[in-house]
């Protein structure tokens, strides 16, 4: 069982080498196999982790309250929990990540770990090193209070989302994020509808292909033989269409689908960061008012609170600006990569489909 970890650590693995190779079913739960290349180049660290282990890591990252400016960090988003026998509600939450026999979900977890390992602040937490290299699982641990617990509990603070910002940069960023959060979520949902429709078309083609075999009739009658031969050949055509449509759907899931899902979850992560900063802004404004109105006996104490809050807010803003700049660069790169991969795979699939349909066409011409 892993011990509690909080002290600073330096990773002993190459962050870009982290791979979630597969998901193993154990009853109603999933175990994920993770492999990381040693920084020394002498081998790899193979570990197996459950979703609860990922939550353990996430909680340690959220609990770094002593780190200056931690509220300004855009935390890499961990996808919702996957289940073998998932309900319709869970499947709706997971979207693309529930398709493709868990490969997209493994890819999402892999991206989460790589983003954490590449982060200049988060990667220093010893929990990251322990998670990636220790052969012992973390086990289930009681969730500590952290910035996200307080965020979820402070429902009354949601009104702060509309609070006017003192910094034009952050006000603009909040406005843009509000629009992009809605648009990215809608785009992911609409593209998921396209993929689900492609899968339904593929299934329908498969059923029609099988049904055509029912039209085959035995006997020596030349007309029946010709009709049966045509039905068999048509069955092959629709079977090819089914396979092609499944390939198209799989390409959509593994490239643009996963990319849009990640974009949507990252926009939500930026939104949470901007909200935390806004909450701290409101706290600072209150501290300043309290210091101005404080009676002489409490004046010194209120001034100290104001200065501490100002310092904390300054750190948050500095980190937040760095995070936004980094996030926008990475976001564009990830979306561009997803689009390029999507085009390349769909072009390859289209060429293969065209070749197959041309072969079927030539076969029909031979029959005539």
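The values are calculated or read from the model by the stated rules, or taken from the named source; none is laboratory data. The structure displayed is predicted, hence computed values, not measured ones. Cβ sites come from the backbone with ideal geometry, for glycine too, and all protein chains shown count toward neighbours.
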Please state which one of 348, 361 is modelled with pLDDT of 95 or more and at negative phi. 348
Can you find a residue in segment 89-99 that is surrounded by fewer than 19 Cβ atoms within 10 Å (Cβ to Cβ) and either touching a strand residue (DSSP E or B) at 6+ places or on another chain (Cβ under 9 Å) or in a loop (DSSP other than H, G, I, E, B) (or both)? no
If residue 117 passes every condition in (1) under 22 Å from residue 26 (Cα atoms); (2) part of a helix (DSSP H, G or I); (3) touching a helix residue (DSSP H, G or I) at 6+ places or on another chain (Cβ under 6 Å) but one, which one does it miss? (1)
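Is at least one residue of segment 283-294 part of a helix (DSSP H, G or I), touching a helix residue (DSSP H, G or I) at 6+ places or on another chain (Cβ under 8 Å) and under 19 Å from residue 169 (Cα atoms)? Steps first, answer last, please.
Step one: of segment 283-294, the residues part of a helix (DSSP H, G or I) are 283-293.
Keeping just the survivors that are touching a helix residue (DSSP H, G or I) at 6+ places or on another chain (Cβ under 8 Å) gives 283-284, 287-288, 290-291.
Now restrict to residues that are under 19 Å from residue 169 (Cα atoms): 284.
Checking segment 283-294: at least one residue is part of a helix (DSSP H, G or I), touching a helix residue (DSSP H, G or I) at 6+ places or on another chain (Cβ under 8 Å) and under 19 Å from residue 169 (Cα atoms).
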Filter segment 51-88 for residues that are out of contact with any helix residue (DSSP H, G or I) (no Cβ under 8 Å at 6 or more places or on another chain), farther than 28 Å from residue 276 by Cα and not in a helix (DSSP H, G or I); the one that is modelled with the highest pLDDT is 84
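For the condition free of Cβ contacts under 8 Å to residues at least 40 places away in the same chain and under 20 Å from residue 125 (Cβ atoms), what is the one hit in 17, 36, 40?
Only one candidate passes the filter, namely 17.
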Considering only segment 122-236, give the helices (runs of 4 or more DSSP H) lying wholly within it that have at least 2 residues that are within 30 Å of residue 355 (Cβ to Cβ) and modelled with pLDDT of 95 or more. 168-212
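Out of 223, 175, 167, which single residue is farther than 27 Å from residue 342 by Cα and either assigned by TED's automatic domain parsing to the domain that holds residue 99 or surrounded by 12 or more Cβ atoms within 10 Å (Cβ to Cβ) (or both)? Don't jump to the end; show me each part of the working.
Numbers: 223 fails: either assigned by TED's automatic domain parsing to the domain that holds residue 99 or surrounded by 12 or more Cβ atoms within 10 Å (Cβ to Cβ) (or both); 175 fails: either assigned by TED's automatic domain parsing to the domain that holds residue 99 or surrounded by 12 or more Cβ atoms within 10 Å (Cβ to Cβ) (or both).
The match here is 167.
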Scan segment 300-311 for residues that are buried (at least 17 other Cβ atoms within 10 Å of the Cβ) and out of contact with any helix residue (DSSP H, G or I) (no Cβ under 6 Å at 6 or more places or on another chain) and jot them down. none
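Just to be sure before I move on: is residue 295 farther than 30 Å from residue 198 by Cβ, in contact (Cβ under 8 Å) with a residue 12 or more places away in the chain and outside the structural domain of residue 78 (by TED's automatic domain parsing) in the structure I sent?
Details: farther than 30 Å from residue 198 by Cβ: yes; in contact (Cβ under 8 Å) with a residue 12 or more places away in the chain: no; outside the structural domain of residue 78 (by TED's automatic domain parsing): yes.
Against the criterion (farther than 30 Å from residue 198 by Cβ, in contact (Cβ under 8 Å) with a residue 12 or more places away in the chain and outside the structural domain of residue 78 (by TED's automatic domain parsing)), residue 295 does not qualify.
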